[in-house]
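Participant: What follows is a single structure, and I will ask about it in a moment.
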Amino acid sequence: DTEEFPQDLYDLFGDAGLTGLCIPEELGGSGAGIFGLALAVEEVAKYSNAAALMLLLTRLPTGPVLIAGSEDQQRRFVAPVATGEARAAFGLSEAQAGSDVMGMRTNARPDGDDWVLTGTKCWMSGVRQADWYCVFAKTGPVDSRAHDSVSAFIVERDRPGVSVGSIDRKMGVKGVDTGELLLDEVRVPSDNVIGEIGGF
């Protein structure tokens, strides 16, 4: 209950192959799939909700990359999660766009061969611990309700303009924080687009 991320436990999960349950074998995972991950989360949650959330975060942000990402993206970003060498977080919700995700205001505009992202994601689990983020942003008009106005990007933690905002005060699951991801003119290469522009 110290609110400190249990890195030793995460390392243990990585050594035991638990961080790669839903990741294919060719990327260093076990290929046990969603069902295998669900069983592990259920068992671990009997003892620690925070530890169970750590396992869930091996799927939520990697899912879009596994579904639509390039082989290079999967090798560079998903494979290290499978072995426990990297952590990721998932950025979809915003203050005005929780259940209504099409209300998101985070935008990405093209600039040469890059995309420049600006906005704030909220309620992101593992925001301080992540090495990279799966971030959804409007690439069409920011007030558009069309699904093809939203695209997904891989945003590395160390890119200029990436920072963590406020951290939520929670009653439980304190070992994995939840908070804001701030994106201030964050430049990412086109290689970091997951799938196609407008592929939401």
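Participant: How many of the residues making up segment 138-160 are under 17 Å from the mean Cα position of the chain (by Cα) and under 13 Å from LEU182 (Cβ atoms)?
Facilitator: Qualifying residue count, segment 138-160: 3.
Participant: Restricting attention to segment 161-200, and to residues there that are without any contact (Cβ under 8 Å) to a residue 40 or more places away in the chain and within 15 Å of the chain's Cα centre (by Cα), which single residue is least open to solvent (accessible area, probe 1.4 Å)?
Facilitator: Once the filter is applied, the top-ranked residue is VAL162.
Participant: Give segment 71-85 a look and list any residue that's surrounded by fewer than 19 Cβ atoms within 10 Å (Cβ to Cβ) and not acidic (Asp, Glu), or say none.
Facilitator: GLN74, ARG75, ARG76, THR83
Participant: Look through segment 42-70, keep the residues that are among the hydrophobic types (A, V, I, L, M, F, W, C) and within 11 Å of the chain's Cα centre (by Cα), and return whichever of them is least open to solvent (accessible area, probe 1.4 Å).
Facilitator: Among those that are among the hydrophobic types (A, V, I, L, M, F, W, C) and within 11 Å of the chain's Cα centre (by Cα), it is VAL65.
Participant: Hey, could you check segment 115-136 for residues that are touching a residue at least 60 places away in the same chain (Cβ under 8 Å) and closer than 11 Å to MET104 by Cα and say which is most open to solvent (accessible area, probe 1.4 Å)?
Facilitator: THR120
Participant: Can you name the helices (runs of 4 or more DSSP H) wholly within segment 1-80 that have at least 3 residues being without any contact (Cβ under 8 Å) to a residue 40 or more places away in the chain?
Facilitator: 7-15, 33-45
Participant: For segment 132-176, which residues satisfy the criterion of being at pLDDT below 95 and hydrophobic (A, V, I, L, M, F, W, C)?
Facilitator: If the condition is that a residue be at pLDDT below 95 and hydrophobic (A, V, I, L, M, F, W, C), then VAL142, ALA146, ILE167, MET171, VAL173, VAL176 are the ones that fit.
Participant: Go through (1) aliphatic (A, V, I, L, M); (2) in a loop (DSSP other than H, G, I, E, B); (3) more than 17 Å from GLY14 (Cα to Cα) and name the single condition ALA86 misses.
Facilitator: Unmet condition: (3).
The values are calculated or read from the model by the stated rules, or taken from the named source; none is laboratory data. Everything numeric here is computed off the predicted structure, so don't read it as measured data. Every residue, glycine as well, gets a Cβ built from its backbone with ideal geometry; the counts of neighbours run over all protein chains shown. To get the accessible areas, we keep the full protein, side chains included, count just its heavy atoms, and leave off ligands, DNA and RNA. Shrake-Rupley method; radii C 1.70, N 1.55, O 1.52, S 1.80 Å.
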